[in-house]
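Student: Dropping the structure in here first, questions after.
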Amino acid sequence: MADGAPEDPAAARVAAAMHAVDRRDFLPSSQQRFAHADQALRIGHGATCTQPSTVAVMLRLLDACPGQRVLDVGSGSGWTTALLARLVAPGGTVVGVEIEPALVTLGRANLLAAGLPARIEPAVPGRLGRPEDGPYDRILVSAEARRVPRGLVEQLTEAGRMVVPVRGDLVVVERAGPDPHQVRTRAYGTYSFVRLRATGED
């Protein structure tokens with residue numbers, strides 16, 4: 001940062017959350033020695049724990065704030081869910097959804113051990129997100145879609161924001177009013193993620 005340049009508040013909050021929530025605590029024992037390496041790590045069942053630099057970019061773009069309601073799609077081992085819980089405290093709520101039952105169990109155990117007020121629920125096959133707990137101020141998607149998932153846009157508040165990988169690009173989607181078809185999208189570089197598993201709109 002140049003002398004006198006203002007610090008990005010979102011970046012500062014994300015850095016503090018990542019310092020407070022140790023990635024090591026959300027990894028299988030065989031991967032824990034690599035916890036601070038900037039690389040994606042396998043957590044089993046075809047899933048990975050996203051590399052820290054990518055998570056930091058996603059969270060800065062999401063800009064989750066205290067008091068907000070957040071959905072974490074593809075919560076995996078619970079690390080991003082835990083980071084989001086730190087970012088929306090006090091007063092916010094975070095729910096993660098995960099399609100692999102063993103990872104739901106793992107993520108729940110990791111959140112419990114970390115003592116963070118968030119929860120992980122099993123994803124319903126053929127349905128994206130968790131509309132019964134919405135609408136959400138922010139949605140984070142840690143799997144790649146073929147197009148912007150309309151079903152998730154509909155779960156955002158009228159001024160809500162989603163960060164989702166779409167065909168290799170990291171995309172910010174913002175609702176622009178009551179009509180879920182009115183959205184603004186911006187792409188921020190190329191990233192690699194596992195495939196989003198759901199219905200034909202993914």
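Student: Give the residues of segment 107-145 that are farther than 28 Å from ARG167 by Cα and not charged (D, E, K, R), sorted by residue number.
Tutor: ALA109, ASN110, LEU111, LEU112, ALA113, ALA114, GLY115, LEU116, PRO117, ALA118, listed by residue number.
Student: Output the qualifying pairs, or none if there are none: Cβ atoms under 6 angstrom, residues six or more apart or on different chains, first residue in segment 41-62 and over 22 Å from LEU156 (Cα atoms), second residue surrounded by fewer than 22 Cβ atoms within 10 Å (Cβ to Cβ) and of a type in the set (D, E, K, R).
Tutor: Short answer, once both residue conditions are applied: HIS45/GLU100; THR48/ARG42; GLN51/ASP38; PRO52/ASP38; SER53/ASP38.
Student: Additional query: Is it the case, given these coordinates, that LEU128 is in a loop (DSSP other than H, G, I, E, B) and either buried (at least 21 other Cβ atoms within 10 Å of the Cβ) or without any contact (Cβ under 8 Å) to a residue 12 or more places away in the chain (or both)?
Tutor: It is true that LEU128 is in a loop (DSSP other than H, G, I, E, B) and either buried (at least 21 other Cβ atoms within 10 Å of the Cβ) or without any contact (Cβ under 8 Å) to a residue 12 or more places away in the chain (or both).
Student: Among the numbered criteria (1) among the small types (Gly, Ala, Ser); (2) surrounded by fewer than 20 Cβ atoms within 10 Å (Cβ to Cβ); (3) out of contact with any strand residue (DSSP E or B) (no Cβ under 6 Å at 6 or more places or on another chain), which single criterion is violated by ALA176?
Tutor: Tallying (1) among the small types (Gly, Ala, Ser); (2) surrounded by fewer than 20 Cβ atoms within 10 Å (Cβ to Cβ); (3) out of contact with any strand residue (DSSP E or B) (no Cβ under 6 Å at 6 or more places or on another chain), ALA176 fails exactly one: (3).
Student: Could you grab the pairs with beta carbons closer than 7 Å, sequence gap of 6+ or different chains, first residue in segment 132-143 and in contact (Cβ under 8 Å) with a residue 12 or more places away in the chain, second one of a type outside the set (Ser, Thr, Tyr) and surrounded by fewer than 18 Cβ atoms within 10 Å (Cβ to Cβ)?
Tutor: ALA143/VAL194; ALA143/ARG195
Student: A follow-up question, please. Please determine whether any residue of segment 149-160 is in contact with a strand residue (DSSP E or B) (Cβ under 9 Å, 6 or more places away or on another chain), more than 28 Å from ALA89 (Cβ to Cβ) and part of a loop (DSSP other than H, G, I, E, B). Talk me through it step by step, then tell me what you get.
Tutor: Restricting attention to segment 149-160, the residues satisfying the condition of being in contact with a strand residue (DSSP E or B) (Cβ under 9 Å, 6 or more places away or on another chain) are 149, 152-153, 155-160.
From what is left, the residues that are more than 28 Å from ALA89 (Cβ to Cβ) are none.
No, the conditions are met nowhere in segment 149-160.
Student: Now a separate question. Given LEU170, LEU116, which one is under 18 Å from ARG60 (Cα atoms), in contact (Cβ under 8 Å) with a residue 40 or more places away in the chain and surrounded by fewer than 24 Cβ atoms within 10 Å (Cβ to Cβ)?
Tutor: Being under 18 Å from ARG60 (Cα atoms), in contact (Cβ under 8 Å) with a residue 40 or more places away in the chain and surrounded by fewer than 24 Cβ atoms within 10 Å (Cβ to Cβ) holds for just one of LEU170, LEU116, which is LEU170.
Student: Another question, if that's okay. Would you point out which residue out of HIS36, HIS19, HIS45 is farther than 30 Å from PRO125 by Cα and at pLDDT below 95?
Tutor: HIS36
Student: From the list PRO66, PRO122, pick out the single residue that is surrounded by fewer than 16 Cβ atoms within 10 Å (Cβ to Cβ), touching a helix residue (DSSP H, G or I) at 6+ places or on another chain (Cβ under 8 Å), over 20 Å from GLY151 (Cα atoms) and in contact (Cβ under 8 Å) with a residue 24 or more places away in the chain.
Tutor: PRO66
Yes/no matrix, rows are residues, columns are (1) in contact with a Gly (Cβ under 8 Å, 6 or more places away or on another chain); (2) within 25 Å of VAL21 (Cβ to Cβ):
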position: ALA118; (1), (2): yes, yes
position: VAL148; (1), (2): no, no
position: ARG161; (1), (2): no, yes
position: TYR191; (1), (2): yes, yes
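Student: Go through segment 21-40 and give me each residue that's over 18 Å from ALA113 (Cβ atoms) and not polar (S, T, N, Q).
Tutor: Scanning segment 21-40 gives ARG33, PHE34, HIS36, ALA37, ASP38, ALA40.
Student: Determine whether ALA11 is surrounded by 12 or more Cβ atoms within 10 Å (Cβ to Cβ), small (Gly, Ala, Ser) and at pLDDT 95 or above.
Tutor: Judged against the criteria, ALA11 is not a match.
The values are calculated or read from the model by the stated rules, or taken from the named source; none is laboratory data. Just so you know, these numbers come straight off a predicted model, no measurement behind them. All Cβ positions, glycine included, derive from the backbone under ideal geometry; neighbour counts span all protein chains shown.
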